[in-house]
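See structure below.
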Amino acid sequence: MSPIRYRPSDLVDFVIIGAGAAGGVVAKELSTAGFRVVVLEQGPYLRAKDFTHDEVDVLFRAALINDPKKQPNSFRRTPDETAKRQQCIEYARLVGGGSVHFTANYWRFHPEDFRERSVLGAVSGADLQDWPITYDELEPYYSKAEWELGVSGLAGSNPFDGPRSKPYPLPPMPVKGSGVLFERGAKKLGLHPFPAPVAVLSQPYRGRSACTHCGWCEAFGCEMNAKSSTLAALIPVAEATGRCEIRSQSYVREIEAGHDGHVNGVLYFEPSGREVRQRAKAVVLCANGVETPRLLLMSNLANSNGLVGNYLMLDPGLIALGLFEHAVNDYKSIVATRVLHDFYRSDPKRGFYGGGGLDSRMDFPPASFAAYGMPKDGPQWGAAWKQGIGEYFTHTSGVLSHVSCLPMEQNSVSLDPDLKDAWGLPATRITFRNHADDLKAMQFLLDRQIEILHASGAKKVWTDPVEDVSYSRHLMGTCRMGNDPQRSVVDRWNRSHDVRNLFIVDGSSLVTCGRQQPTETIQALAYRAADNIAQLARRGEI
Amino acid sequence: MAAACWAEVLRAQKPSRRFEYFDPGTAAEVEAIAESIIPGDSMPGAREAGVIWFIDRALAGYDEDKRAIYRSGLASLQVKRAEVVPGSTTIVGLSPEHRTAVLKTVEDTEFFRLVRLHTILGFFGHPKHGGNRDAGALKLLGMETSMHFQPPFGYYDREEK
């Protein structure tokens, strides 16, 4: 059956803005529940056959992401500075969104992540809050996400995980050399490494074939459909209902509301530049933690308390690399095969808020390694550098940290007063500085990363310095979830407090960011929100 | 899927005949800088890998907006060259030692950082962009490319089995 095409004048049940990790889930859930859905996606509709191992296009020419040349953003550390043009945010810009180009680490948040304020108390200089929902409320949807998308892992292997109602649907991926070394070092130190849960198929699953270990996961699209993106796993199901249209290359500029305050349509640009208005009974906004608040600000919607865009949380992870005697060949297979959560919990005895997870990885494809991966105390070009790189590329392993980031009101997404994008719309302005405790947590984790590398036998270890985040692919917190309409943007069901037929379902509703790796939580929230939206719609309560 | 594999592209790759952006004189100067960044030895260097063709295509296309950095960077570099090696007339005409000495004086500039990145992308990047001829990067890195690898992937996971 060829997918349905609606006319812009058709009053569809839902317009979903963004076909990514969250939008793909919502599209599949609402269309299979019988609703008529149009998904507007700013990026192209690529298929597995379109993806490549082309590092130049993918990592240096924005083939799959927001293009800084067309979608610049400005950046400043504090609200009293004038922002300068400087790219600091990255998101996937294609059907499937971040679920196509992510590393595919698939971590649940821990039960305590939802109630850190109650457990730890207030943190000075930040606005740490409990979530309005608990881990137990989200747990069925974590399981649902793992089974619908296809996740490989070993239930019970992480002693710090919350309770689970189901095991993973697929066994873990084979361990790589970087995972063996990580496990060896971590166990020597008395830690608890476990097989990485990943949204990659270790075995064939629901008509998709298993991973063949080609090694180009992070930032790339999977040519085998073995990475469990919404593009591979859910969007085909949504389209097969005959009720869901994926309308790619549609750049939304405004969500429109009527005199009654309800939203009734979405304005977007076609590739030709022509403006189109799609009518809808309700809108589900899934455009990511930066584009979602930007669109609400451009539409002047859902922001009666002025909090849209605030509490931006980014990803303060750091890599530590080590040179080993023998070949690791970390360029093969998935990125990370071992993880540990021993330092995840915020421990007041450390004297600061926060913690992190660690995973095993070298983290660089060849050109990126040559450009940025070699030890900074050695030559960066010329004969000696060239002689070293052959050994370093194959013999390097590493440990990456995934660190907490405190929510702070002044860290925000706003509209730049001067800078415009290629469509003439106000560019995103990012204001961001880490809380001092984020930096302390980064340093604490970095010391642990170095210990693990030494314990696993590294001949030489090198790292980047701890500093405030200035570039991130994790974009979270900017339309906070909460029970109090004065202090949050969406309610506990991801519904706008202000606009009853507007739902906001993506990284922006996260109250805290766990220890990064937010995709599974974003998708679990999307399943839960979609479940509720479908019930409301059936009862005529939207 | 096959389109992803370098071998396929390499078989189809034909040497370019004509620059799209550079004049031949400028190309020779830039190529000499690239060759100092990745010099040929027992393994191919930037010249043999055809890095200059990558840079030419980049400046003719995606990095069109970076032409000014090349223009002004090359002009300053020529001034440095005349200071460091009096009597010299071109960068390509310098001995490798002299060229390295001249480039050391500019290695913290935006220009040099860009040429270094372009050289690396041309050398290690996908051959379809004009560089990485004969898969020199794979030889240098000891890297295989394939859509299908089987564990063990290296020494340590083999040892573990």
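The values are calculated or read from the model by the stated rules, or taken from the named source; none is laboratory data. On a predicted model such as this, the values are computed, not experimentally measured, just so you know. Methodologically, a virtual Cβ is constructed for each residue, glycine included, from the backbone with ideal geometry; neighbour enumeration extends over all protein chains shown. With ligands, DNA and RNA removed, areas are computed over all heavy atoms of the protein, side chains included. Shrake-Rupley method; radii C 1.70, N 1.55, O 1.52, S 1.80 Å.
In the range A:48-63, of all residues being open to solvent by 10 Å² or more (accessible area, probe 1.4 Å) and among the hydrophobic types (A, V, I, L, M, F, W, C), the one that is farthest from A:Ile235 (Cα to Cα) corresponds to A:Phe60.
Checking the condition more than 22 Å from the chain's Cα centre (by Cα) and either open to solvent by less than 30 Å² (accessible area, probe 1.4 Å) or within 14 Å of another protein chain (Cβ to nearest Cβ) (or both), which residue from A:Ala210, A:Ala219, A:Ala155, A:Ala233 passes? It would help to see each step written out before you state the result.
On the way: A:Ala219 fails: more than 22 Å from the chain's Cα centre (by Cα); A:Ala155 fails: either open to solvent by less than 30 Å² (accessible area, probe 1.4 Å) or within 14 Å of another protein chain (Cβ to nearest Cβ) (or both); A:Ala233 fails: more than 22 Å from the chain's Cα centre (by Cα).
The conditions single out A:Ala210.
Entry remark, the range B:147-161: residues being more than 7 Å from chain A (Cβ to nearest Cβ) and open to solvent by less than 80 Å² (accessible area, probe 1.4 Å) number 1 in total. Of all residues in the range A:519-536, those satisfying the criterion of being open to solvent by 10 Å² or more (accessible area, probe 1.4 Å) and more than 17 Å from A:Phe14 (Cβ to Cβ) are A:Thr519, A:Ile522.
Residues in the range A:265-277 that are surrounded by 18 or more Cβ atoms within 10 Å (Cβ to Cβ) and touching a Leu at 6+ places or on another chain (Cβ under 7 Å): A:Val266, A:Tyr268.
Of all residue pairs spaced 6 or more apart or on separate chains, those with beta-carbon atoms under 6 Å, a first member in the range A:213-237 that is farther than 21 Å from A:Lys28 by Cα and modelled with pLDDT of 95 or more and a second member that is open to solvent by 10 Å² or more (accessible area, probe 1.4 Å) and not in a loop (DSSP other than H, G, I, E, B) are A:Ala219/A:Val58; A:Ala219/A:Leu59; A:Ala219/A:His101; A:Phe220/A:Val58; A:Glu223/A:Ala48. Within the range A:22-47, being open to solvent by less than 20 Å² (accessible area, probe 1.4 Å) and of a type in the set (A, V, I, L, M, F, W, C) holds for A:Ala22, A:Val25, A:Val26, A:Ala27, A:Leu30, A:Val37, A:Val38, A:Val39, A:Leu40. In the set (1) more than 14 Å from chain B (Cβ to nearest Cβ); (2) in contact with a Cys (Cβ under 9 Å, 6 or more places away or on another chain); (3) of a type in the set (A, V, I, L, M, F, W, C), the condition left unmet by A:Phe51 is number (1).
Looking only at the range A:173-193, residues that are surrounded by fewer than 22 Cβ atoms within 10 Å (Cβ to Cβ) and on the phi < 0 side of the Ramachandran plot come to 7 in all.
Determine whether A:Gly322 is in contact with a Leu (Cβ under 7 Å, 6 or more places away or on another chain), over 22 Å from A:Val15 (Cα atoms), modelled with pLDDT under 95 and buried (at least 22 other Cβ atoms within 10 Å of the Cβ). Step through it out loud before you land on a result.
Working: in contact with a Leu (Cβ under 7 Å, 6 or more places away or on another chain): yes; over 22 Å from A:Val15 (Cα atoms): yes; modelled with pLDDT under 95: no; buried (at least 22 other Cβ atoms within 10 Å of the Cβ): yes.
In short, no.
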